[in-house]
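Trainee: My structure is below; once you've seen it, I'll send some questions.
The values are calculated or read from the model by the stated rules, or taken from the named source; none is laboratory data. Remember, it's a predicted structure, so these values are computed and weren't measured experimentally. Methodologically, a virtual Cβ is constructed for each residue, glycine included, from the backbone with ideal geometry; neighbour enumeration extends over all protein chains shown. When the accessible area is computed, the model is the full protein with side chains, heavy atoms only, and any ligands, DNA or RNA have been set aside. Shrake-Rupley method; radii C 1.70, N 1.55, O 1.52, S 1.80 Å.
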Amino acid sequence: MAKFLLSVHVLAAILLIGPVTIAASLFPRYARQALADGPERQSATGSVQLLHRICRVYAVAGISVPVLGVGTAQVMGVMGSAWLIASMALTAVAAVLLGIAVLGTQDAVVTQLDGPDPASTVTESLIARLPRLSMITGMFALVWLVVVVLMIVRPGSTTGA
């Protein structure tokens, strides 16, 4: 049972966390184009809406990754391990970064693009927030990188690696 749960957990992480990380990382670039006046504005607006939808859907589906991880840890008897506790704490940090900072800013951008006057002072404010959004999405990706390393190199591993 442990091998099955571990396999499903790893597959879910790859298929759900990877896409939301990439979509969130691409969003600021296309948002900048969509909020600015220029020839690529129309296609960038469609890209922004698609990337936002990917982030929202995969964020909800991604909840299964830590749920499966906890189930796997219980079956393997490693719930009290320091590396697992650190991984769970970092997963919570990633969830807060995605749920509040990333999706919140994305919601504001998409709402502005759907509004009657995309070229307003609100737009300038949103454009000023995009570098911060890029930094937060980078931190989100970095947190997941650390979690993956903890899962592979976990102290006390029985794999001998």
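Trainee: Please name whichever of VAL67, ALA23, VAL48 sits farthest to the positive end of the charge dipole of the chain, dipole taken about the Cα centre and charges placed at Cβ: Lys and Arg +1, Asp and Glu -1.
Mentor: My answer, from the dipole projection, is VAL67.
Trainee: If ligands, DNA and RNA are left out, what is the accessible area of SER43 with a 1.4 Å probe, given in Å² to the nearest 10?
Mentor: Near enough 80 Å² of accessible area.
Trainee: Pairs of Cα atoms under 8 Å, at least six residues apart: use those to get the relative contact order of the chain, whole percent.
Mentor: Dividing the mean separation by the residue count of the chain yields 31 percent.
Trainee: Taking 7 Å along the Cα-to-C-beta vector as the label spot, tell me the SER81-ILE63 distance in nanometres, rounded to one decimal.
Mentor: According to this spin-label approximation, the distance is 2.7 nm.
Trainee: Another question, then. Given the Cα-Cα distance of ALA95 and LYS3 and 0.36 nm per residue of separation, how much length would full extension add, in nm?
Mentor: The ALA95-LYS3 span can extend by a further 30.5 nm.
Trainee: Rounded if a/c is under 1.5, else prolate if a/b is larger than b/c, else oblate: which is segment 62-102, with a ≥ b ≥ c the root eigenvalues of its Cα gyration tensor?
Mentor: Oblate.
Trainee: Could you compute how much accessible surface MET151 exposes when probed at 1.4 Å, giving the result in Å² to the nearest 10?
Mentor: Around 60 Å² of this residue is reachable by solvent.
Trainee: SER125 accessible area, nearest 10 Å², 1.4 Å probe?
Mentor: 60
Trainee: So what are the three principal axis dimensions of segment 1-62 from its Cα atoms, in whole Å, longest to shortest?
Mentor: 55, 14, 12
Trainee: Taking the alpha carbon gyration tensor of segment 38-161, what are the square roots of 5 times its eigenvalues, largest first, to the nearest whole Å?
Mentor: Square roots of five times the eigenvalues give 38, 13, 12 Å.
Trainee: Contour minus end-to-end for GLU124 and VAL10, with contour as 0.36 nm per residue of separation and end-to-end as the Cα-Cα distance? Don't jump to the answer; show the numbers that get you there.
Mentor: Numbers: separation 114, 0.36 × 114 = 41.04 nm, distance 4.08 nm.
Contour length minus Cα-Cα distance gives 37.0 nm.
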